[in-house]
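Enquirer: This is the structure, below, for whatever I ask next.
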Ligand SMILES: Nc1nc2c(ncn2[C@@H]2O[C@H](COP(=O)(O)OP(=O)(O)OP(=O)(O)O)[C@@H](O)[C@H]2O)c(=O)[nH]1
Ligand SMILES: [Mg+2]
């Protein structure tokens with residue numbers, strides 16, 4: 001719980017029997033975007049002053065805080081739990097003045113997965129010595145009108161005087177709402193919370209409160225009392241009864257917020273009641289007549305109700321009539337406009353091309369007829385139906401005009417789309433034609449090109465063949481020339497070799513001649529030498545002979561020796 005969450009006075013009780021709604025605060029609370037569009041559940045409490053209304057509201061508060069925070073976890077109340085929020089006080093002086101609401105609207109997910117907004121409203125004590133009957137009646141009437149779950153808090157039991165108080169208001173109010181349609185009931189859930197209840201017969205039974213209330217409101221022999229019961233019994237859609245034991249001394253005579261200090265049986269009953277009334281299985285959505293209220297509607301509704309009560313101070317039920325009638329018409333108009341908008345919107349979801357005028361008029365007629373059937377089915381008062389229909393015609397005309405404009409845009413867009421498609425088609429045809437022409441041209445060019453290429457290829461081949469031939473010719477010629485040259489060279493070589501051989505032969509011959517000459521010379525020289533040698537030998541021999549002759553003559557011999565040396569050198 002945020003520190004800013006608290007009970008705030010939404011309706012101030014002015015001293016001159018008047019009331020003032022705090023519109024700014026109401027807008028802040030019920031117009032909060034977090035909850036504005038959610039279906040609204042409102043639990044209100046009313047009853048005599050100083051009877052523990054605010055005290056018991058804190059049990060509802062604790063439950064909602066818990067459920068909003070952690071929906072899947074079971075709600076536990078243990079000795080550590082502190083109950084706080086709505087101010088309650090011991091003593092005699094009234095604590096709650098005017099009408100107070102918890103300024104945080106709880107978002108609770110129902111078992112079916114849909115979310116609801118839950119508001120808690122506490123009220124000033126009524127039907128007691130502190131408040132005038134008229135103001136009591138007004139406060140009580142207002143809380144009845146605000147609530148979808150109306151808790152009537154009483155002490156010790158449902159005595160006739162308490163039933164009388166209730167019935168006095170209910171009787172008037174019921175006659176008024178009877179005509180408004182729906183179930184025609186004043187209350188949706190009427191809950192009797194009976195405190196300090198002692199009758200043992202019921203106290204020990206878990207269902208004792210329900211049985212007790214049904215018994216009290218059941219058949220009685222006394223005629224007037226039965227009439228009173230008939231009035232009450234025809235005023236609610238569902239009836240609940242819860243009986244509470246004495247909460248314990250500390251609660252009753254002092255003030256405590258500690259669960260540990262409250263009678264455990266009281267805590268047990270409180271838990272049972274809270275879970276039953278705020279069951280996630282079946283929340284009671286606030287309706288005005290047959291029309292369910294969204295959270296955002298509540299601020300206007302409360303303001304309008306307060307204004308009506310201030311304007312009709314003498315007769316509270318008249319205020320109920322006026323405000324309920326006006327507000328119902330307002331809600332019906334909003335609901336019908338929304339439905340019309342939804343139906344027309346739906347018709348436009350898949351419509352991309354717009355409608356013809358006749359089709360559009362038929363759509364409008366169909367939606368309008370459906371809305372009229374819905375209204376006729378819900379509201380039984382012909383006057384209200386007529387008024388809603390009359391006002392609706394203007395309202396729906398505005399919405400229709402919006403759709404008409406939207407349709408014109410769609411039709412125009414469709415026309416443009418078709419024109420653009422046609423233009424596109426023409427363009428595509430032109431392109432296709434150009435493409436075919438281009439392809440044909442390309443095919444011709446390709447064929448020509450291929451022919452040209454073939455021609456060039458053939459030409460090239462021919463040139464290549466010619467070149468090859470020429471080359472081969474040249475090669476052959478070159479080979480032939482080369483062969484000739486080679487042969488010439490060989491011949492030349494051969495001639496040269498022959499010449500060389502000849503020269504060699506000549507050289508050899510010359511050499512032979514020279515050798516022969518030389519041999520001859522050598523032989524000649526040898527012969528000459530031999531002759532010489534012979535001569536010299538002869539000479540030598542001669543000399544030796546002479547020397548021998550001389551040797552016999554010594555001198556002679558030396559002379560022979562010298563002569564011989566000279567000869568040898
Ligand atoms: N005997 C008794 N006293 C209770 C019970 N519940 C609360 N109280 C005490 O009654 C006193 C008044 O409680 P509130 O919750 O302020 O009563 P109230 O009805 O809101 O009073 P107003 O706002 O003045 O109308 C407090 O001291 C509570 O502790 C109960 O069930 N029995
Ligand atoms: Mg109070």
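Just so it is clear, none of the values below were taken in a lab; they were calculated from the coordinates. Quick caveat, the model's predicted, so the values are computed rather than measured. Cβ atoms come from the backbone with ideal geometry, glycine included; neighbour counts cover every protein chain shown.
Enquirer: Ranked by Cβ crowding within 10 angstrom, fewest neighbours first, how are 478, 145 ordered?
Expert: On the way: 478 12, 145 26.
Fewest-to-most Cβ neighbours within 10 Å comes out as 478, 145.
Enquirer: How much of the DSSP beta bridge set in the chain is antiparallel, as a percent to the nearest 5?
Expert: Details: 18 of 43 bridges.
Counting only bridges with both partners in the chain, antiparallel ones make up about 40 percent.
Enquirer: While we're on this one: Taking the mean number of other Cβ atoms within 10 Å as a proxy for protection, how do you rank 32-38, 208-214, 512-518 from highest to lowest?
Expert: Working: 32-38: 14.9, 208-214: 19.4, 512-518: 12.4.
Final packing ranking: 208-214, 32-38, 512-518.
Enquirer: What's the extension gain from residue 507 to residue 422 if we count 0.36 nm per residue and subtract their Cα-Cα distance?
Expert: Numbers: separation 85, 0.36 × 85 = 30.60 nm, distance 11.62 nm.
Value of the extension gain: 19.0 nm.
Enquirer: Counting only C-alpha contacts under 8 Å and six or more residues apart, can you give the relative contact order of the chain as a whole percent? Kindly include the intermediate steps, with their values, before the conclusion.
Expert: Values: 717 pairs, mean separation 78.2, N = 569.
Worked out over the chain, it gives 14 percent.
Enquirer: Still on this structure, I have one more. If I model the chain as equal point scatterers sitting on the Cα atoms and use the Debye formula, what is log10 I(q)/I(0) at q = 0.08 Å⁻¹?
Expert: -0.71
Enquirer: For the range 185-225, just list the percent of Cα-Cα distances falling in each 5 Å bin from zero outward, please.
Expert: 5, 18, 24, 21, 19, 11, 2
Enquirer: With a 10 Å Cβ neighbour count serving as the proxy for reagent exposure, in which order, fewest first, do 335, 198 appear?
Expert: Working: 335 22, 198 11.
Least to most surrounded, the residues fall as 198, 335.
Enquirer: Right, next: What do the square roots of 5 times the Cα gyration tensor eigenvalues come to for the range 368-477, in whole Å, largest first, as semi-axes of the equivalent ellipsoid?
Expert: On the way: eigenvalues 1637, 35, 14 Å².
Value: 90, 13, 8 Å, ordered largest first.
Enquirer: On to the next question. Which order results if 348, 146 are arranged by neighbouring Cβ count within 10 Å, fewest first? Could you put the intermediate results ahead of the total?
Expert: On the way: 348 16, 146 25.
Taking fewest neighbouring Cβ atoms as first place, the list is 348, 146.
Enquirer: Residue separation times 0.36 nm, minus the C-alpha to C-alpha distance between residue 20 and residue 430: what's the value? All intermediate terms of the calculation are to be shown ahead of the outcome.
Expert: On the way: separation 410, 0.36 × 410 = 147.60 nm, distance 7.76 nm.
Computed gain between residue 20 and residue 430 is 139.8 nm.
Enquirer: Taking every Cα atom in the range 7-338, find the radius of gyration and the maximum pairwise distance Dmax, and write them in Å.
Expert: For the range 7-338, the Cα radius of gyration and maximum Cα-Cα distance read 18.8, 56 Å.
Enquirer: What translational D, rounded to a whole number of µm²/s, comes out for the range 292-433 from Stokes-Einstein when the hydrodynamic radius is the Kirkwood one over Cα pairs, at 10 °C and 1.306 mPa s? Please report the intermediate quantities before stating the final value.
Expert: On the way: Rh = 18.3 Å.
Rounded to a whole number, D works out at 87 µm²/s.
Enquirer: In nm, to one decimal, how far is the modelled label at residue 32 from the one at residue 357, with both set 7 Å along Cα→Cβ?
Expert: 5.2 nm
Enquirer: Work out the FRET efficiency for residue 207 and residue 111 from their Cβ-Cβ distance, taking R0 = 25 Å, and round it to the nearest 0.05. Show your work: numbers first, answer last.
Expert: Values: r = 22 Å, r/R0 = 0.89.
For R0 = 25 Å, the calculated efficiency reads 0.65.
Enquirer: To the nearest 10 degrees, how steep is helix 133-146 against the longest Cα principal axis of the chain, on a 0 to 90 scale?
Expert: 30 degrees
Enquirer: Please check which bits of the range 469-501 a label hung off residue 517 would reach, taking the label as a point 7 Å along Cα-to-C-beta and the cut-off as backbone N under 12 Å.
Expert: No residue qualifies, since no backbone N sits under 12 Å from the label point.
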